[in-house]
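Following: one structure in structure tokens, then a few remarks.
Computed from the coordinates by the stated procedures, all read-outs in this text should not be read as laboratory data. These figures come from a predicted structure and were not determined experimentally. FYI the Cβ positions are ideal-geometry reconstructions off the backbone, even for glycines, and counts take in every protein chain you see.
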């Protein structure tokens, strides 16, 4: 967790314990925000409810600004922040599979757990499907291994690839987010649904 | 009213974005130690590596040893210790070398001609919080003097000193130094005996704890 575990400030057991507590809090907040409703979740694809879009973009903008300002004040060393390595082609294909699964199943992996916890049967089926997927991926791994590792780019940051500073990129993301919020609210009015 | 709030939030966020877009990125690397901690580190002096220790590791091809030559490339090309990489003082902070300097696998021994430059580098690295960096005591000058061209001690010295001389002579041959080629052959049998005895005696109490 965070800087605490890698910097050996807390032990592995504390790490797991804190993860447990934060997992419960995360699930609770997800549920309270209505993310256990598959109709709300897929609403973003149909346009009648764009709360998912708003929540994710708000989180991204908040974290992005927080990190940049913390770095500016010297409270955090951005070079020490772990960035997932990019495998370009599998990421694109994986994103498409994830999106199709999202529309068809009505959940993403985390929210399916959340909805299972409050007793939604479709979410339990979705959750079971995850394991079927894991099984087939694991058994078929030798077949996709080559593709799975293709397009490795290291751990680049978008603004580095574009050749602009992190701050300018952040401003562009904020403007894009504001436009998408506006577009989302417009869609909600355009494609309203009474009950879902 | 509701719309106003949204516009206000968006305006604040965009303003924050504008500010962050206009300020330069903070690229300073914070020093990790306070001056007091630094004084303590220096006064303990644990960063020093004796030339005899280093010679021993070099002869044994210790895989954890990484020598770092902080002198200019010209000086490096003229002479450097076996296996050393050249990281001149002015390149110390470049990204190219950070994997060498900030790691926890190898033991870096910095050296220059004397000790000043190597110590300057060590202090910066230590402040940055990089571990496993050490300084060769006396630098290359002392290395040449003690290891590559050891002076035969006089008659009235301790056995320890003779043992050390003996080791240095061997090291000198192994590491390509040594101008005296004639004398070692004569001295060898004489000097070879005492150190073996001494070391055995010495090791027993050392191992006790």
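When the Gaussian network model of chain A links Cα atoms closer than 10 Å, the mean-square fluctuations of A:34, A:43, A:163 top out at A:163.
Report note on the peptides A:98-110, B:84-96: ranked by the mean count of other C-beta atoms within 10 Å, highest first, their order is A:98-110, B:84-96. The ellipsoid equivalent to the alpha-carbon distribution of the stretch B:85-126 has semi-axes of 16, 12, 9 angstrom, derived from the gyration tensor eigenvalues as √(5λ) and listed largest first.
Evaluate 2.2 N^0.38 Å with N set to the residue count of the stretch B:8-62, then give the Cα radius of gyration divided by it. List each step's numbers first, then the result.
On the way: Rg = 24.6 Å, N = 55, 2.2 N^0.38 = 10.1 Å.
The value comes to 2.44.
Scaled to the globular estimate 2.2 N^0.38 Å, the Cα spread of the protein assembly as shown, given as radius of gyration, is 1.49.
Taking every Cα-Cα distance in the stretch A:1-64 and sorting them into 10 Å bins starting at zero, the pair-distance distribution P(r) comes out as 19, 33, 29, 16, 3 percent. Per-residue shielding of B:9-20, expressed as the average number of other chain Cβ atoms within 10 Å of the residue Cβ, stands at 6. Across all directions, the shadow cast by the convex hull of the stretch B:35-143 built on its C-alpha atoms averages 6.6 square nanometres. Peptides B:121-132, B:7-18 ranked from most to least packed, by the mean per-residue count of other Cβ atoms within 10 Å: B:121-132, B:7-18. Annotation for the stretch B:3-72 versus the stretch A:15-55: alpha-carbon center distance of 38 Å. Taking 20 °C and 1.002 mPa s as conditions, the stretch A:85-150 diffuses translationally at an estimated 164 µm²/s according to Stokes-Einstein applied to its Kirkwood radius (Cα pairs).
Other protein chain C-beta atoms within 10 Å of residue C-beta, averaged over A:59-71: 2. Shielding value for A:164-175 is 5, the average number of Cβ atoms from other chains within 10 Å of each residue's Cβ. Calculated on the alpha-carbon coordinates, the convex hull of chain A measures out at 164 cubic angstrom per residue.
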